[in-house]
Amino acid sequence: MTELTLESVDRDEALLDAVSELYGSTRAGFLRGAAMGGAAMLSTLAAPPTAAAGVSDVAILNFGLRFERLQATFYTQAEELGTIASMTRAKQTWAETLGAHERAHVRIIKQVLGPKAGPAPAFDFGEANSTDAAFTRTAVAMEDLTVALLTGIVPQVHDRALTAALMGLLTVEARHAAWARHIVGTVPAPAAFDTPKSLHQVRGVLARTRFIAEQPKMTAKRRPKYTG
Amino acid sequence: MPRRPQTRRWQAVTLALLGAVAAVGVAAAAVRSPEKPAAAAGAGALPLPVAPAFVPGRPRPLGSTRHLSHWAIVKRPAIARVAPAAGAAVVAAVPTLAPEGTPSAVAVIAQRQDDGGRVWVHVRLPVLPNGTTGWVRRRALGGYEAVDTRLDVDLARLRATLYRDGRPVLRAPVGVGGPGWPTPRGEFYVRNKLTRYRSPAYGPVAFGTSARSPAATGWPAGGFVGIHGTDRPDLVPGRVSHGCIRMRNADIRALARRMPVGTPLTIH
């Protein structure tokens, strides 16, 4: 099996740039100093600060919803646009299964949050889900990041029943990450320990990918000049 | 199927054995950990798992995408070409802003990767001649948006029908182009929506479409065909416009509640 690095999965290098910035290094310096697998590289970020300490369960769940929506849209669009149909049967099963799981996660978290659920953001994945290779690389990085995120936020949750539910999501996301790594022929479990990430750190990584986009304003208050 | 008595006996024996093994284990643990008598004493009643606050429902496959269409804004000025190749002939320049000031939008037909690994998107363009399509680089476009609606305008019956997921959800009479000002036929899409303007002739809401009047090329802003309300409901249905699709104000309001930007439009 070949070792997977963030550089190899992150074609646009948006994730890599963000991670190296968090690590307090230049991208090149970070790569030189990090001869390890993708998940392990993500794990080398500083321990989560106490920034999440005053965050409510609703805020944590809303961030989880945002992240699940990101993943669900990523997989769903790839299926709708035919990217997944162009893959091998084994990869189709993998991608369609993960898409169905992420949509189920979105549905339940929205239901739990009810009126407190945040609005659905717009997403711009660029070429990341337009081709088999780009889709696969991004999916691996995204699943690793999800595991890191959930590992970081689950202990911050105040409600035990909610913690139990999020643990159920975390273990499934870890299976997704391992399956994704198996699909690309790399080590499914590259490290003996997954170091948690904070909301702040994951939010920073997401911001650098620019996957979450501004909702286009397609309505204007302007007098029409149509043919009438 | 009812269980056989012999099976039940074996189950009872197995349970008794398991109980004995557990008892021995607890006793051994108590011997090994004399410093934690409280924990050992409570080991007979191991805690149950914490009931999760929620359990996701059954994962569902995506389902049919037959009635789904995609569109995207143009986020970088682009050149549309006749084929997905940098050297292919130019069809049109595609700006980032529509004449109405909203982002320019294109309808997505397909996407393809060229030999160099670049992704190209086949799009429907809001240019003359009507029906023009071209290939633009994926990176020139914003995120894909999906709609499950479709608007059908029947010029012969003077009627518009909005479909959602293949089912009709709104029917309304329309006014269309009169003699000398035909409403163009073909496949188009809804580009944007205008509201809160002061122009009774256009009613309370107007949609910009990608259709353009071949007879009104000198019209301000390029002669785009709109779908809008009216201050002359008595003329609807009828062949009364300069190419636009007019609806009674109650109907255009109902349409505005149901039809998102990006909706494909068929005029026939």
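Could you give me the radius of gyration and the Dmax of the stretch B:69-146, taking only the C-alpha atoms into account and expressing both in angstrom?
Answer for the stretch B:69-146, Rg first and Dmax second: 11.6, 37 Å.
Kindly give Rg over Rh for the stretch A:69-153, based on alpha-carbon atoms, with the Kirkwood expression for the hydrodynamic radius.
0.99
If you keep only loop residues by DSSP, which chymotrypsin sites (Phe, Trp or Tyr not before Pro) in the stretch A:148-228 have at most 15 other Cβ atoms within 10 Å of their Cβ?
Taking the stretch A:148-228 and a limit of 15 other Cβ atoms within 10 Å, the loop chymotrypsin sites (Phe, Trp or Tyr not before Pro) found are A:193.
What order do you get for B:81, A:89 when you list them from fewest to most C-beta neighbours inside 10 Å?
In order of increasing Cβ crowding within 10 Å: A:89, B:81.
How high is the relative contact order of the stretch B:69-146, in percent, with contacts defined as C-alpha pairs under 8 Å that are six or more residues apart?
That works out to 37 percent.
Averaging over all projection directions, find the projected area of the Cα convex hull of the stretch A:141-228 and quote it in nm² with one decimal place.
Taking the Cα atoms of the stretch A:141-228, their convex hull projects to 10.8 nm² on average.
Provide the convex hull volume over Cα atoms per residue for the stretch B:149-267, in Å³.
Here the figure is 92 Å³ per residue.
By per-residue mean of other Cβ atoms within 10 Å, what is the highest-first order of B:102-108, A:129-135?
Taking the mean over residues of other Cβ atoms within 10 Å, the ranking is B:102-108, A:129-135.
Readers should treat all values here as calculations from the given coordinates under stated rules, not as data from a laboratory. The structure presented is a predicted model; accordingly, all values stated were derived computationally and were not measured. For neighbour counting, all protein chains shown are included, and Cβ atoms are generated from backbone atoms with ideal geometry for every residue, glycine included.
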